[in-house]
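Everything on this sheet refers to the single structure shown next.
Laboratory data are not the source of any read-out in this text; all were calculated from the coordinates shown. This structure is a prediction, so every number in the text was calculated from the model and none was measured. Reconstructed Cβ throughout: ideal geometry from the backbone, glycine too, with neighbour counts over all protein chains shown.
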Amino acid sequence: MAAFVYGPVPSRRLGRSLGVDIVPFKTCTYDCIYCQLGRTTNKTVQGASLSPVDRVVREVEERLQRIPRPDYVTISGSGEGTLHADLGDLVARIKRITDVPVAIVTNGSLLFRTEVREACFGADLVIPSLDAGDDSMFRYVNRPHESVAFDQMVQGIADFRKEYNKEIWLEVFLLGGVTATTAEVLKIKEHTDRIQPDKIQLNTVARPAAEEFAFPVGRDELEQFCKLFGKGAEVIASFAPHRQMEEFKARRDDIMALLARRPCSLDDVANGLMLNRSQLLKHLNDLASQGLIKYTYRDGHVYYMRES
Ligand code: SF4
């Protein structure tokens, strides 16, 4: 059972993406109200060697030998990857074993640190986030570690843009009734104009979020906001459902059997079936979208159960 590598999973942005999850579950600099992994349990800005690079690289190599070539190897998953003190070394070593492009998905909070920007230089694509236009909205939506300042975070992404000559796709996650207003979007746009990413990708809630008050934005509305950002902005479209099902078929019966017995949290299912949480979430969301399972909130946690 691979501990750090999952998939390939179908990704809306990256095609078939081989995921590499290098930090412990919900170890993050943020605690976003829309996080699909639930509330952050270890909010930190302290960099550390959070997983053994040798073993991660070995798992990536073994998986790549067994599967059709994916479109990307993506450092992403259940926390903030730039907290890993050996990220640069990890990227360099993955690049040595494969010519599949390497992407890093990051919330961007630590790009103000020189060593974090340098760690990302080896990747072929970096996908940071910007979900707010000012400090108070940043604190409401992303609930960052107290030491992360909004201006410093934005400046870090802008500095990275100047130094990094490969692709940067900036994700802007909009929330209904919060940031999905023309005034808030225009505030965010002031910063995206300064950063000048290669793409701006608008996203919204599509899965159970950490907080019940994180609401989605309708597709038409999102398209309208997209126009405000101008050229290079797009709404991230969903991946074709039938392709997802091909990828997920193998585990579906196990999950259904477990949920038929009792409602389970994400951790219950992940531990019971020895599945990576990020991969499991895709299974659960897919089953929920088909009406086969449902979820409820209890004491701040999401519980999944079989539809009767
Ligand atoms: S959405 Fe990403 S950045 Fe926000 S809390 Fe979850 S893992 Fe961290």
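Using the beta-carbon distance between residue 212 and residue 65 and R0 = 51 Å, what value does 1/(1 + (r/R0)^6) give for FRET efficiency, to the nearest 0.05? Calculated value: 0.70.
Between residue 227 and residue 113, how high is the FRET efficiency from 1/(1 + (r/R0)^6) when r is the Cβ-Cβ distance and R₀ = 35 Å? Nearest 0.05.
That gives a FRET efficiency of 0.50.
Rounded to the nearest angstrom and listed largest first, the equivalent-ellipsoid semi-axes of region 172-242 from its Cα gyration tensor are 20, 16, 10. If the label point is 7 Å along Cα→Cβ of residue 147, which residues in region 95-121 have backbone nitrogen under 17 Å from it? Those under the cut-off are 108-117. For residue 199, the lysines whose Cα comes closer than 30 Å to its Cα, not counting residues fewer than 8 places off in the same chain, are 26, 43, 95, 162, 166, 187, 189, 227, 231, 282. Extension gain for residue 135-residue 305 works out to 57.4 nm (0.36 nm per residue, less the C-alpha to C-alpha distance). Considering all different alpha carbon pairs of region 5-235, the Kirkwood hydrodynamic radius works out to 17.8 Å. Under 5 Å between amide hydrogens, built in the peptide plane, is the criterion, and for residue 125 it picks out 102, 104 among residues at least 5 positions away or on other chains. Remark: the residue 186-residue 290 segment gains 33.8 nm on full extension, using 0.36 nm per residue and subtracting the alpha carbon distance.
Give me the extension gain from residue 198 to residue 121: residue separation times 0.36 nm, minus the current Cα-Cα distance, reported in nm with one decimal. Don't skip to the answer; put the middle values down first.
Numbers: separation 77, 0.36 × 77 = 27.72 nm, distance 1.57 nm.
Between residue 198 and residue 121, full extension yields 26.1 nm more.
DSSP beta bridges confined to the chain are antiparallel in about 35 percent of cases. Each residue, residue 55 and residue 96, gets one label point 7 Å from its Cα in the Cβ direction; the gap between the two is 2.0 nm. Computed on the chain, with alpha-carbon pairs under 8 angstrom and 6+ residues apart, the relative contact order is 17 percent.
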